[in-house]
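Q: Could you have a look at this structure, given as structure tokens, before my questions?
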Amino acid sequence: MHPFRAAVEARDIAAIEALLADDVVFTSPVAFKPYPGKAITAAILRAVMRVFEDFAYEREIADPGGRDHALVFTATVGGRTIQGCDFLHFDEDGRIDDFTVMVRPLSAAQALAEAMGAQFERIAREAEAAAQG
């Protein structure tokens, strides 16, 4: 099991954040533009942990070189079952420098967008506080 998966399943936010590169880029399934930087990515991941219920990784796919991983998951958000995949790329130091999430079906993606939208002010505050200190 990959350390990122283990950290998420343990809900260990400190371990999750330790695996993020400072220059990580997070690409959301429900936002047009990517979010660059560890502070905003960590804040988004904390919010996701708040809005997803019954989150579980079902499968882990890795390339032989170990730099790319795909983690297939299911969860519930807003009463909708969501299926998704975290696509992770790791830098030379073993930290995540590219994090892309894709989800389906559309109705669950819309529920996710609504739930994350409700978290956005908190996400922005947390990211700003982390970036300053």
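Q: What whole number of Å gives the distance from the Cα centroid of the range 52-82 to the Cα centroid of the range 12-51?
A: 15 Å
Q: Name the residues whose placed amide hydrogens come within less than 5 Å of the amide hydrogen of PHE55, ignoring near sequence neighbours (fewer than 5 apart) on the same chain.
A: Distant-sequence amide H within range of PHE55: THR76.
Q: I need the phi-derived Karplus couplings for the range 45-55: 6.51 cos²θ - 1.76 cosθ + 1.60, θ = phi - 60°, integer Hz, Gly and Pro marked x.
A: 5, 5, 5, 4, 5, 6, 8, 7, 10, 6, 5
Q: Can you run phi through the Karplus equation (6.51, -1.76, 1.60; θ = phi - 60°) for the range 108-123 and list ³J(HN,Hα) in whole Hz, with x for Gly and Pro?
A: Taking θ as phi minus 60°, the curve returns 6, 4, 5, 5, 5, 4, 5, 5, 6, x, 5, 8, 4, 4, 5, 4 Hz for the range 108-123.
Q: Let me ask something else. What percent does the relative contact order of the chain come to when contacts are Cα pairs within less than 8 Å and at least six residues apart?
A: Rounded, it is 25 percent for the chain.
Q: A follow-up question, please. Give me, ordered by chain and number, the residues 5 or more places off VAL25 or on other chains with an amide H under 5 Å from its own placed amide H.
A: Counting only residues 5 or more places away or on other chains, the set is GLY37, ASP98, PHE99.
Q: Roughly how many Å² is the accessible area per residue of the chain, as a whole number, for a 1.4 Å probe?
A: 54 Å²
Q: Which percent of the accessible heavy-atom area of the chain goes to carbon and sulfur, probe 1.4 angstrom?
A: 53 percent
Q: While we're looking at this one, here's another question. Can you classify the range 1-132 as rounded, prolate or oblate using the Cα gyration tensor, where a ≥ b ≥ c are the square roots of its eigenvalues, rounded means a/c under 1.5, and otherwise it's prolate if a/b beats b/c and oblate if not?
A: In terms of gyration-tensor shape, oblate.
Q: So, one more: Gain in length, ASP54 to ALA124, computed as 0.36 nm per residue apart minus the alpha-carbon separation, to one decimal in nm?
A: So the extension gain works out to 22.7 nm.
Q: I'd like the FRET efficiency for GLU114 and ARG11, computed as 1/(1 + (r/R0)^6) with the beta carbon distance as r and R0 of 22 Å, rounded to 0.05.
A: After rounding, the FRET efficiency stands at 0.45.
Q: Take each of the peptides 22-28, 49-55, average the number of other beta-carbon atoms within 10 Å over its residues, and list them starting from the highest.
A: By packing density, highest mean first, the sequence is 22-28, 49-55.
The values are calculated or read from the model by the stated rules, or taken from the named source; none is laboratory data. Only a predicted model underlies this, so the values are computations on that prediction, with no experimental measurement involved. Here the Cβ is made from the backbone with ideal geometry for all residues, glycine too, and neighbour counts use every protein chain on show. We work out accessible area using only protein heavy atoms, side chains counted, and drop any ligands, DNA or RNA first. Shrake-Rupley method; radii C 1.70, N 1.55, O 1.52, S 1.80 Å.
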